[in-house]
Amino acid sequence: GVRRALLSSGQTRPSADTEVGGKDKDHAKKKVALTCGFVGSRYYGLQFNSSVPLPTIEKEIVQALHAAGYISDRNAPSPGKVKLSRCSRTDKGVHAVRTVLSMKLMLPKSELQQKSGVNVHLPALPALVNRHLPADIRVFGAVTTNASFAGKTVCSSDFRSV
């Protein structure tokens, strides 16, 4: 798809010629749940905090999603614009085997046209994002969700779900 073509050409984001009327014609914004894990020793917790210039897990993940082209230049500085939410929070130095983050991401329409509805697994996303993450943070899986999905209220210990 478009993302693979961009990566093979060395370009990480769609260029201006892919936009029509300020909208990207090759991508659709969809809410996605990401399963992630991390060793939190170097971080000041999970939650993104734009007012404090300290490293957090969410800050690293948002930067990696931006670098991989899933978050626009305009939305990257403020994760609230992509409706970032989490199933839980962690404190400074805490690790997580599996946690869920959700947000609206720009997904290639070519990947979404083959499947419809929610719970569309996005097998390419973790590898593309992990290329931009430090070794102590990993995205394990990604799946589209409905617009009202909130990891905090639907999270369970069922590891097969995402």
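Bear in mind these aren't lab numbers, they're just calculated from the coordinates by the rules spelled out. What you see is a predicted model, and the numbers here were worked out from it, not measured in a lab. Virtual Cβ from ideal backbone geometry, glycine too; neighbours counted across all protein chains shown.
Given points 7 Å out from each Cα along the Cα-Cβ axis, report the ASP136 to LYS152 separation in nanometres with one decimal. Output for this residue pair reads 2.6 nm. Using the Karplus relation 6.51 cos²θ - 1.76 cosθ + 1.60 with θ = phi - 60°, the per-residue 3J(HN,Hα) values for region 55-65 come to x, 10, 4, 4, 4, 5, 5, 4, 4, 5, 4 Hz, with x marking Gly and Pro.
Here's the list of lysines a cross-link from LYS109 could span, going by alpha-carbon distance under 30 Å and ignoring same-chain residues fewer than 8 apart: LYS23, LYS25, LYS29, LYS30, LYS31, LYS59, LYS81, LYS83, LYS152. Extending 7 Å from Cα along the Cβ direction at VAL97 and again at LEU54 yields two label points whose distance is 2.7 nm.
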